[in-house]
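Worksheet: the structure to be examined is printed underneath.
The values are calculated or read from the model by the stated rules, or taken from the named source; none is laboratory data. Note that this is a predicted model, so its numbers are computed, not measured. Cβ: placed from backbone, ideal geometry, glycine included. Neighbour counts: every protein chain shown.
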Amino acid sequence: MTKTYDCIVLGVGGFGSAALAHLARRGVRALGIERFDLDHEQGSSHGETRIIRKAYFEHPDYVPLLFRAYDLWQELEQESEKELLNLCGLMIAGPPDGEAVPGAKLAAQRYGIDIEEPTLAEARARFPGFRFDDAHAVLVEPDAGFLHVEASRQAHVETALAHGATIQANEAVLEWQPTANGVQLRTNRGKYDAASLIVTAGAWAGRLLADLSIPLEVVRKPILWHGVSGNEYDVTNGAPGFYFETTAHAFYGFPSLDGKTIKACEHTGGAVVDDPSQLDREIHPSDIEPVANFIRQSMPGVQPAPARHSMCMYTHTPDHHFIVDRHPQWPQVVIGAGFSGHGFKFTSVLGEALADLAVDGKTELPIGFLSLGREALVK
């Protein structure tokens, strides 16, 4: 027997759970299908924390979306009664002519975002746990911080369920096809019909959208936690999140949440993954050494060898910007993909955009620069 819904969401990670919550709030009969357990570490929505910030150096067009994202995160905190957002601040260090520092300054100037520009002497006094290159500049965004990633995803899931959505976990989609009235899906459990479909499948999106030949590249990203020897990195002691850009690499991390370890990772690099189901989850010396070298140079109170690790995946587009759009041939199919290792902070607002596209066929949110038709995606 084929079950029928108004909208089906494929993948109930960060973006899928947010889209499902927005759909359910509108009274849409929505189904979320997740190939793993709802709480899992197989994709890209785990690892305790994700940075959130407004002075967006990647592209200033993201900033209006971030204003809306902040509002939605705060609303979700109130509704869920969970602590999701910690605005502990973010410190950015890097070359004055690099990507991060001038990009953040441009976004801040264009949108009136509060940033601070301490001198190196002031930064060294303010952040004793860090060493700064004499040639680098430092910025601080006070209204930045981090999201508790598992709690945020869980809050969207609980909101969706509370408003009537259905979620089926441990179910794999085998294929989907357009129909006269929408779409039909076949999974390892059965068949489903829906008026619209949202594909938020993370590293598996390329396979589900093979007809479009979207140039998505999945890379393996180690997540590392390192021991700390003092309280200068402690979130309760006012320590911020951080992002360091060097000549060849970029590193990021968070204040210590437990007083014992600090999460510090490399944002750049990563081995290409041919099959996300076969991701190598073991840690290797080549995973450790770039971060260990950074820690030796820049964080004297942190142990270079990791105390524990997890594994994540980035799904890149060629220009490292997201895809949020409708299928060019089948407009009842909505695509959220290629979130490139900087997407989770946007799940609240882009979940809203995905729901808009699925229900109304359009959105008032400024997502034009994330379209499938942009030059970087056209072969």
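For this structure, a couple of remarks:
- Verdict on SER298 being closer than 22 Å to VAL140 by Cβ and buried (at least 22 other Cβ atoms within 10 Å of the Cβ): no
- Given (1) closer than 30 Å to MET91 by Cα; (2) surrounded by 22 or more Cβ atoms within 10 Å (Cβ to Cβ), number of the condition ALA205 does not satisfy: (1)
- Some residue of the stretch 106-117 being of a type in the set (Lys, Arg) and touching a Phe, Trp or Tyr at 6+ places or on another chain (Cβ under 7 Å): no
- Positions within the stretch 354-369 being over 13 Å from GLY16 (Cβ atoms) and crowded, with 24+ Cβ neighbours inside 10 Å, in sequence order: LEU357
Residues checked against (1) polar (S, T, N, Q); (2) assigned to a loop (DSSP other than H, G, I, E, B); (3) surrounded by fewer than 17 Cβ atoms within 10 Å (Cβ to Cβ):
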site: ALA55; (1), (2), (3): no, yes, no
site: LEU65; (1), (2), (3): no, no, no
site: TYR70; (1), (2), (3): no, no, no
site: GLU75; (1), (2), (3): no, no, yes
site: GLY103; (1), (2), (3): no, no, no
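- Identity of the residue in the stretch 1-29, surrounded by fewer than 20 Cβ atoms within 10 Å (Cβ to Cβ) and hydroxyl-bearing (Ser, Thr, Tyr), that ends up nearest to the chain's Cα centre (by Cα): THR4
- Residue match in the stretch 307-316 (condition: outside any strand (DSSP E or B) and surrounded by fewer than 19 Cβ atoms within 10 Å (Cβ to Cβ)): no
- Taking the criterion of being part of a strand (DSSP E or B) and within 18 Å of ILE52 (Cα to Cα), the residues of the stretch 238-263 that qualify are GLY241, PHE242, TYR243, PHE244, GLU245, ALA250, PHE251, TYR252, GLY253, SER256, ILE262, LYS263.
- Odd one out for ALA271, checked against (1) buried (at least 17 other Cβ atoms within 10 Å of the Cβ); (2) not assigned by TED's automatic domain parsing to the domain that holds GLY13: (1)
- Candidate set from the stretch 111-157 (those that are hydrophobic (A, V, I, L, M, F, W, C) and under 20 Å from the mean Cα position of the chain (by Cα)); member that is nearest to GLY16 (Cα to Cα): VAL157
- Every residue from the stretch 333-379 that is β-branched (Val, Ile, Thr), modelled with pLDDT of 95 or more and more than 18 Å from the chain's Cα centre (by Cα): VAL333, VAL334, VAL359, THR363
- Considering the stretch 179-237, the qualifying strands (runs of 3 or more DSSP E), each wholly inside and each with 1 or more residues that are touching a helix residue (DSSP H, G or I) at 6+ places or on another chain (Cβ under 7 Å) and of a type in the set (Gly, Ala, Ser), run over 191-199.
- Within the stretch 119-127, not a single residue is among the acidic types (Asp, Glu), in a loop (DSSP other than H, G, I, E, B) and modelled with pLDDT of 95 or more.
- Filter pass, PRO290 being over 20 Å from HIS316 (Cβ atoms) and not small (Gly, Ala, Ser): no
Listed here are the residues, each with its yes/no results for (1) surrounded by 22 or more Cβ atoms within 10 Å (Cβ to Cβ); (2) outside the structural domain of GLY11 (by TED's automatic domain parsing); (3) among the aliphatic types (A, V, I, L, M).
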| residue | (1), (2), (3) |
| --- | --- |
| GLU117 | no, yes, no |
| LEU120 | no, yes, yes |
| ARG124 | no, yes, no |
| ALA135 | no, yes, yes |
| GLN154 | no, no, no |
| THR159 | no, no, no |
| ALA162 | no, no, yes |
| ALA165 | yes, no, yes |
| ASN170 | no, no, no |
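- Residue that is farthest from LYS221 (Cα to Cα), among those in the stretch 278-302 that are among the small types (Gly, Ala, Ser) and in contact (Cβ under 8 Å) with a residue 12 or more places away in the chain: GLY301
- Hits in the stretch 244-258 (condition: within 15 Å of PHE132 (Cα to Cα) and within 18 Å of the chain's Cα centre (by Cα)): ALA250, PHE251, TYR252
- From the list LEU174, LEU106, LEU139, the one residue that fits, being without any contact (Cβ under 8 Å) to a residue 60 or more places away in the chain and under 30 Å from GLU245 (Cα atoms), is LEU106.
- Members of the stretch 134-148 that are in a loop (DSSP other than H, G, I, E, B) and within 17 Å of PRO255 (Cα to Cα): PRO142, ASP143, ALA144
- Condition check for TRP330 on (1) surrounded by 17 or more Cβ atoms within 10 Å (Cβ to Cβ); (2) in contact (Cβ under 8 Å) with a residue 60 or more places away in the chain; (3) under 17 Å from the mean Cα position of the chain (by Cα); (4) part of a loop (DSSP other than H, G, I, E, B): one failure, at (3).
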